[in-house]
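Following: one structure in structure tokens, then a few remarks.
The values are calculated or read from the model by the stated rules, or taken from the named source; none is laboratory data. The structure presented is a predicted model; accordingly, all values stated were derived computationally and were not measured. As a convention, Cβ positions derive from the backbone with ideal geometry for all residues, glycine included, and neighbour counts pool all protein chains shown. Surface areas here come from the heavy atoms of the whole protein model, side chains and all, with no ligands, DNA or RNA. Shrake-Rupley method; radii C 1.70, N 1.55, O 1.52, S 1.80 Å.
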Amino acid sequence: MIISLNWLKKFTDIDMPVDELVKLIGARLVEIENVVDLGEKYKDALIVKIVEAKKLEGSDHLNVTKIDDGGVSQNIERDENGHIQVVCGAPNVRAQQLVVWLPPNSVVPETYGADEPFLLGARKLLGVTSNGMIASARELDLYDEHEGIFEVEDDVRTGTTFASVYELDDFLLDIENKSLTHRPDCFGIVGFAREVAAIVGKPFHTPRWLADLSPNFGNSESGDVEINVAIDDPELSSRYMAVVMSEADGNRKSPIIIQTYLARVGVRPISAVVDVTNYLMMLTGQPLHAFDYDKLVAVGGGKADIHVRAGLENEELGLLDGKKIKISNEDIVISAGETAVALAGAMGGANTEIDENTKNIVIESATFNLYNLRATQMRHGIFSEAITRFTKGQPADLTAPVLFEASRLMNEWAGAKTVSKVADAYPGKVETPVIHVPQIQINETLGCSLDMLQITDTLINAEFEIDVEAPYRVLVKAPYWRADVHIPEDVIEEVGRLNGFDNITPTLPSRDFTAVEPNSFDVFRSLLRKILVRAGANEVLSYSFVHGNVLEKAGQEVNNSYKIVNSISPDLQYYRQTLTPSLLDLVHPNVKQGFDNFALFEINKAHSKKDGLNDEKVPIESELVSLVVANKNSQGGAPYYLAKKILDYLCESLGVKIRYEPIEKDSDDPITKTFEYRRSARLFDVQSGDIIGVVGEYKNSVIKGFKLPQSVAGFELSSAILFDVYKKLKPDYKPLSRYPSSERDVCFQVNENVTFSQIINSATNALQQEKYIAVVTPIDIYEPVDGTTKNITVRIKLTATDHTLTGEEVNNYVDSISNSVVIKTGATII
């Protein structure tokens with residue numbers, strides 16, 4: 001963003017050197033990347049009068065002119081009348097013109113600063129000496145007009161420097177505007193000047209027309225021109241205003257001084273009508289747009305009926321730059337009736353474009369939802385000056401004074417007359433709060449000792465409304481253009497910034513340097529991390545935000561995720577409900593990199609709408625740990641057991657006793673949505689019965705969607721619940737037995753509906769009643785293809801701590817366990 005120092009001076013006194021001002025602005029507002037001395041660029045350009053213009057013999061377009069420079073140029077050839085000869089090929093050259101002359105040894109402004117600047121001299125054309133050149137607007141680097149020489153329309157004494165007449169003895173400040181995202185007012189000259197005044201400690205007064213939020217537009221000259229506006233969805237726009245003007249002359253130009261100011265800040269002057277909108281946008285930060293009224297009525301079915309609405313599916317719009325775009329339902333559209341005529345805040349439509357035949361115009365002044373426009377900007381690749389400002393959040397109150405000034409300038413510059421009443425839709429009006437800030441809070445927060453006068457003067461200079469509540473409390477009301485000030489801390493920051501944070505004496509805070517005891521939950525998560533790494537897994541850290549496609553591929557419902565309104569990327573639109581989809585999204589890229597057999601885990605948070613909101617009305621965070629194990633070259637076997645092996649190791653290392661139970665088919669738990677219920681299990685704490693998580697294989701649709709190898713499984717646990725279980729554990733130390741163990745294998749034939757976990761749980765419950773150390777482990781499961789039963793074999797390992805077990809003791813103990821399983825499951829021992 002380019003800021004003209006001379007333009008700033010029209011609104012505030014600046015009486016310090018440029019380098020000092022740049023340093024202050026950099027310290028207290030925004031970084032200035034570069035400063036351009038514009039006066040150096042135009043130092044040699046002079047305004048002269050053409051006293052004679054004759055065709056050059058032997059040329060079909062060149063003219064020999066004699067110019068009067070008032071005798072100011074030195075060391076140059078003159079005729080007997082003191083005039084200077086210049087050959088010119090412009091078609092509009094004529095005697096008695098005031099033009100801009102670039103003398104010999106000057107640099108053409110268009111090439112100033114280039115690697116090879118064009119240095120003029122005195123040279124002969126067809127045998128006639130030409131001293132320098134008479135410049136066009138393009139050669140003066142004002143705008144892209146090269147058909148004729150630049151004509152000076154004002155009454156100026158010959159020999160006057162071009163820079164002094166048009167205030168080009170200027171400095172241009174190149175602003176790094178990314179740090180001003182929250183300050184839409186600073187994207188206009190007036191707002192930036194206000195900040196500069198506050199920084200240097202001088203009062204500032206907003207121009208009267210800009211401070212009047214309810215301007216009197218007066219009565220229209222014709223009552224038969226009607227225009228209606230409506231905001232169909234208040235979420236899309238806070239305010240939309242429009243007025244019709246007639247008899248606008250599309251061929252008229254804006255004043256040259258205005259053209260030079262537009263050109264120096266990077267805006268190409270076009271016509272009076274277009275320049276009004278661009279001038280006010282650069283001046284105030286409020287973009288405007290002008291429609292051809294007659295075209296708008298034609299596409300609107302004979303009515304000027306404007307609607308602000310969301311885009312429709314499969315809707316298309318041809319833009320002013322010649323491109324045709326497909327509109328998204330997240331775009332904001334301006335329509336005439338049912339027909340789209342503009343992509344709101346971004347660019348107008350070609351179907352209502354202003355051209356040389358335009359006589360009646362509609363001027364729009366509005367605000368739009370900045371988050372929608374940020375998405376529109378990225379979606380369609382439009383980075384205009386207008387959308388840059390709209391995406392900073394222009395205040396709705398700014399629309400009225402800017403529209404009023406636009407109508408006045410349209411009349412003055414283009415001869416237009418207001419012929420309708422102002423149409424105004426304003427559903428987003430809000431009241432500015434009064435903020436109470438004690439003086440002591442300001443000084444304690446900043447670490448300074450400002451008195452009340454210093455505090456109030458600082459805020460008054462920035463045009464805050466101030467009242468002092470005795471004895472030491474200030475009541476602050478932010479101006480309408482400061483939507484970023486809401487709480488006392490915002491006011492305190494403003495006081496500190498404008499006075500200069502570098503002026504605060506740095507002092508070290510007094511604090512206790514006693515070491516802080518680590519949070520017990522963080523210690524537990526560190527323990528989980530160490531155990532999983534010992535198990536051979538690799539930790540990853542992924543974004544908490546995912547694309548909607550990732551949720552869909554994982555089988556989760558997108559509408560159960562919180563959507564990010566102003567996402568930093570289209571790929572990061574939703575909060576993830578669980579960690580598993582993020583891990584699955586990393587499996588295929590790792591396989592492509594040549595990693596065939598690996599395990600990934602993540603310990604992090606997730607958010608789901610099903611979990612609801614906390615007391616502060618923000619989404620509840622779920623503390624989770626998730627793991628995925630993949631083997632591209634697996635030769636068979638159930639991958640479920642790969643994940644279960646790591647899970648068992650984790651729980652055994654923690655000392656947590658768990659049991660597995662089947663997952664119900666139609667569970668609405670986001671964690672289970674990704675898993676194939678037939679080949680997965682819920683994980684329960686044996687002591688409390690709490691559900692800890694899920695382990696298993698993934699659905700075929702998930703495997704296909706993420707391009708996973710066939711041998712892939714994983715688990716997802718609630719680390720918060722696991723921590724609660726872990727905290728309640730009591731030491732359960734038992735010394736190792738000095739006596740040998742005995743093992744027996746038992747095969748149970750059960751109905752096909754009986755699960756393996758039922759057998760294990762029944763056996764485990766029976767073991768708890770005995771005095772021996774006993775462990776039950778699975779051996780195999782055999783199920784005939786067409787059978788109604790299956791065989792489940794387990795191994796029972798027994799150890800006594802005080803003697804060597806006899807064969808009879810082992811047999812009795814195994815029989816006891818087997819009978820318990822038979823009773824509870826209806827099994828048959830074979």
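Of 92, 63, 75, which residue is free of Cβ contacts under 8 Å to residues at least 12 places away in the same chain and in the same structural domain as residue 153 (by TED's automatic domain parsing)? Write out each step before concluding.
Details: 92 fails: free of Cβ contacts under 8 Å to residues at least 12 places away in the same chain; 63 fails: free of Cβ contacts under 8 Å to residues at least 12 places away in the same chain.
Residue meeting the stated conditions: 75.
All but one of (1) more than 19 Å from residue 545 (Cβ to Cβ); (2) of a type outside the set (Ser, Thr, Tyr); (3) open to solvent by 10 Å² or more (accessible area, probe 1.4 Å); (4) out of contact with any strand residue (DSSP E or B) (no Cβ under 7 Å at 6 or more places or on another chain) hold for residue 650, so report the exception by its number.
Only one criterion is unmet by residue 650, namely (3).
Condition test on residue 337, is it surrounded by fewer than 18 Cβ atoms within 10 Å (Cβ to Cβ), of a type in the set (Gly, Ala, Ser) and touching a strand residue (DSSP E or B) at 6+ places or on another chain (Cβ under 7 Å)? Walk me through how you get there before you give the answer.
Numbers: surrounded by fewer than 18 Cβ atoms within 10 Å (Cβ to Cβ): yes; of a type in the set (Gly, Ala, Ser): yes; touching a strand residue (DSSP E or B) at 6+ places or on another chain (Cβ under 7 Å): yes.
When the stated conditions are applied, residue 337 passes them.
I want to confirm something. Restricting to region 340-361 and keeping residues that are assigned to a strand (DSSP E or B) and not β-branched (Val, Ile, Thr), which single residue is surrounded by the fewest Cβ atoms within 10 Å (Cβ to Cβ)?
Filtering first and then ranking leaves 347.
Among (1) assigned to a helix (DSSP H, G or I); (2) without any contact (Cβ under 8 Å) to a residue 24 or more places away in the chain; (3) more than 23 Å from residue 585 (Cα to Cα), which single condition is residue 666 missing?
Of everything listed in (1) assigned to a helix (DSSP H, G or I); (2) without any contact (Cβ under 8 Å) to a residue 24 or more places away in the chain; (3) more than 23 Å from residue 585 (Cα to Cα), residue 666 misses just condition (1).
Scan region 609-616 and give yes if some residue there is open to solvent by less than 30 Å² (accessible area, probe 1.4 Å), among the hydrophobic types (A, V, I, L, M, F, W, C) and more than 22 Å from residue 590 (Cα to Cα), otherwise no.
No, region 609-616 contains no residue that is open to solvent by less than 30 Å² (accessible area, probe 1.4 Å), among the hydrophobic types (A, V, I, L, M, F, W, C) and more than 22 Å from residue 590 (Cα to Cα).
How many of the residues making up region 724-741 are surrounded by 15 or more Cβ atoms within 10 Å (Cβ to Cβ) and in contact with a strand residue (DSSP E or B) (Cβ under 8 Å, 6 or more places away or on another chain)?
3
Against the condition out of contact with any helix residue (DSSP H, G or I) (no Cβ under 8 Å at 6 or more places or on another chain), open to solvent by less than 50 Å² (accessible area, probe 1.4 Å) and at pLDDT below 95, how does residue 165 come out, does it pass?
On the way: out of contact with any helix residue (DSSP H, G or I) (no Cβ under 8 Å at 6 or more places or on another chain): yes; open to solvent by less than 50 Å² (accessible area, probe 1.4 Å): yes; at pLDDT below 95: yes.
So residue 165 passes the test.
Filter region 254-273 down to residues that are under 26 Å from residue 218 (Cβ atoms) and either in the same structural domain as residue 156 (by TED's automatic domain parsing) or open to solvent by 40 Å² or more (accessible area, probe 1.4 Å) (or both), then give me how many there are.
Of the residues in region 254-273, 1 are under 26 Å from residue 218 (Cβ atoms) and either in the same structural domain as residue 156 (by TED's automatic domain parsing) or open to solvent by 40 Å² or more (accessible area, probe 1.4 Å) (or both).
Please state which one of 364, 405 is buried (at least 20 other Cβ atoms within 10 Å of the Cβ), outside any strand (DSSP E or B) and acidic (Asp, Glu).
405
Just give me the residues in region 669-694 being charged (D, E, K, R) and in a loop (DSSP other than H, G, I, E, B), in sequence order.
Scanning region 669-694 gives 669, 690.
For residue 514, work out the one condition from (1) surrounded by 15 or more Cβ atoms within 10 Å (Cβ to Cβ); (2) part of a loop (DSSP other than H, G, I, E, B); (3) of a type in the set (Ser, Thr, Tyr) it doesn't fulfil.
(1)
Among the residues of region 627-647 satisfying the criterion of being in a loop (DSSP other than H, G, I, E, B) and of a type outside the set (Gly, Ala, Ser), which is surrounded by the most Cβ atoms within 10 Å (Cβ to Cβ)?
This residue is 639.
Just name the residue that is modelled with the lowest pLDDT out of those in region 665-680 that are of a type in the set (D, E, K, R) and open to solvent by less than 90 Å² (accessible area, probe 1.4 Å).
669
Can you name every one of the strands (runs of 3 or more DSSP E) wholly within region 91-184 that holds 3 or more residues which are over 30 Å from residue 385 (Cβ atoms) and touching a strand residue (DSSP E or B) at 6+ places or on another chain (Cβ under 8 Å)?
Where strands (runs of 3 or more DSSP E) fall fully within region 91-184 and carry at least 3 residues being over 30 Å from residue 385 (Cβ atoms) and touching a strand residue (DSSP E or B) at 6+ places or on another chain (Cβ under 8 Å), they are 98-102, 122-125, 128-131.
So, in region 320-334, how many residues would count as being in contact (Cβ under 8 Å) with a residue 60 or more places away in the chain and either surrounded by fewer than 24 Cβ atoms within 10 Å (Cβ to Cβ) or not β-branched (Val, Ile, Thr) (or both)?
Within region 320-334, residues that are in contact (Cβ under 8 Å) with a residue 60 or more places away in the chain and either surrounded by fewer than 24 Cβ atoms within 10 Å (Cβ to Cβ) or not β-branched (Val, Ile, Thr) (or both) number 0.
So if I check each of 559, 549, 590, which one is over 17 Å from residue 706 (Cβ atoms), outside any loop (DSSP other than H, G, I, E, B) and more than 18 Å from the chain's Cα centre (by Cα)? Give the derivation first.
Working: 549 fails: over 17 Å from residue 706 (Cβ atoms); 590 fails: over 17 Å from residue 706 (Cβ atoms).
Result of the check over 559, 549, 590: 559.
Residue under question is residue 181, and the condition is that it be more than 30 Å from residue 291 (Cβ to Cβ), in contact (Cβ under 8 Å) with a residue 24 or more places away in the chain and touching a Lys or Arg at 6+ places or on another chain (Cβ under 7 Å); does it hold?
When the stated conditions are applied, residue 181 does not pass them.
For region 578-598, give me the residue count where each residue is of a type in the set (A, V, I, L, M) and surrounded by fewer than 20 Cβ atoms within 10 Å (Cβ to Cβ).
2
Yes or no: region 207-220 includes at least one residue that is open to solvent by 10 Å² or more (accessible area, probe 1.4 Å) and farther than 21 Å from residue 397 by Cβ.
Among the residues of region 207-220, at least one is open to solvent by 10 Å² or more (accessible area, probe 1.4 Å) and farther than 21 Å from residue 397 by Cβ, which makes the answer yes.
Can you tell me which residue among 18, 22, 99 is closer than 28 Å to residue 258 by Cβ, in contact with an Asp or Glu (Cβ under 8 Å, 6 or more places away or on another chain) and either open to solvent by 30 Å² or more (accessible area, probe 1.4 Å) or of a type in the set (Val, Ile, Thr) (or both)?
Unique residue meeting the criteria: 99.
Output yes when any residue across region 78-85 is basic (Lys, Arg) and open to solvent by 40 Å² or more (accessible area, probe 1.4 Å), and no when none is.
The answer is yes, given that some residue of region 78-85 is basic (Lys, Arg) and open to solvent by 40 Å² or more (accessible area, probe 1.4 Å).
Of the residues 177, 131, which single one is within 30 Å of residue 499 (Cβ to Cβ) and either modelled with pLDDT under 90 or among the polar types (S, T, N, Q) (or both)?
The unique qualifying residue is 177.
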